[in-house]
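The values are calculated or read from the model by the stated rules, or taken from the named source; none is laboratory data. All values derive from a computational prediction rather than experimental measurement. All Cβ positions, glycine included, derive from the backbone under ideal geometry; neighbour counts span all protein chains shown.
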Amino acid sequence: MSSAGSGSGVRLLGAGDIRGLAGRLDVRPTKKLGQNFVVEPGTVRQIAAIAAPRPGDVVLEVGPGLGSLTLALLESAVGAGDARVVAVEIDPVLAAELPKTIADRAPEFAALVDVVTADALRVGEAEVGKPTVLAANLPYNVAVPVLLTLLAALPSLDRGIVMVQAEVADRMCAGPGSRVYGAPSAKLAWYAAARPAGNVPRTVFWPMPNVDSKLVAFTRHAPPPTSAGRAEVFAVVDAAFGQRRKTLRAALGGWAGSPAAAERLLRAAGVDPGARGEALAIADFARIAKARHDHDDPASRIT
């Protein structure tokens, strides 16, 4: 398959280009790093179109690999005027090669891309500045932790599009009452509204994974009002879903000190002690955390 291009001055990578790069670098995709390279230009263009960079945007890409999506994001950034791309790659061999690929396939616009060699679970503004958009093909094994970590570390991230395993995507987008609603769903809802944005067949990857993927788009919103901190709210979420078959009175017993104490806090928050975690929205968890926070720190109570 030959490389793809457009009048933008950016030449995308095709399947043959990617295999050629990998062969020259002696790169063998590893399960440990969740490396499955996208070899179909239409897919990366679809992701870039959903990311839709605007003038002044800084697009953060996690795990650029050999550069398929990076080039598509650059193509979109060029169309947006002065948008830029910051690519974070954990593999030093791939990180070293990416600027060369960009210089070869988009020489006029190579200065619009910064490549950072780092673990996305450990980056902050010091490493990547203040990006406004996230666009990533996230490794299946760390997709949720990476997304939650970036949203916490980079408050400038306003929106984004991620490609993840289909099952993970369903969890990210699930709401209360759904069979797959759980701690990842609730925690993501603290930061943003997530929505399905498309299906991705396994055939667009090399090597081909054993599962299909989906796209998830998100838009940041303000967290629910509460005097409790995010860590306190997330502790309630973890306790509730740690024993999801139990009622909240029982599941939160350890967190509250006893089932009776949990019941008192739940009633103070206006939550049925006989309900289960899967029935609660993030605002409900925030109220429960607030009830305990205010009980422990009376000075913080809002009267």
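Scanning the range 183-211 for residues that are more than 16 Å from the chain's Cα centre (by Cα), within 29 Å of residue 132 (Cβ to Cβ) and surrounded by 13 or more Cβ atoms within 10 Å (Cβ to Cβ) turns up 200, 204, 205. Take the conditions over 26 Å from residue 13 (Cα atoms) and of a type in the set (S, T, N, Q) and apply them to residue 132. Does it pass? For residue 132, the condition - over 26 Å from residue 13 (Cα atoms) and of a type in the set (S, T, N, Q) - is not met. Report yes if some residue within the range 258-274 is closer than 28 Å to residue 141 by Cα and not in a helix (DSSP H, G or I); otherwise report no. There is no residue in the range 258-274 that is closer than 28 Å to residue 141 by Cα and not in a helix (DSSP H, G or I). For the range 205-232, the candidate set comprises residues that are in a strand (DSSP E or B) and in contact with a Lys or Arg (Cβ under 9 Å, 6 or more places away or on another chain); within that set, the residue that is farthest from residue 194 (Cα to Cα) is 206. Residue pairs whose Cβ atoms lie under 6 Å apart, sitting 6 or more positions apart in sequence or on different chains, and linking a residue in the range 94-115 that is over 15 Å from residue 13 (Cβ atoms) and touching a residue at least 60 places away in the same chain (Cβ under 8 Å) to a partner that is in a helix (DSSP H, G or I) and of a type outside the set (Asp, Glu), are 109/74; 109/78.
Of all positions in the range 56-77, at least one carries a residue that is assigned by TED's automatic domain parsing to the domain that holds residue 164 and surrounded by fewer than 17 Cβ atoms within 10 Å (Cβ to Cβ).
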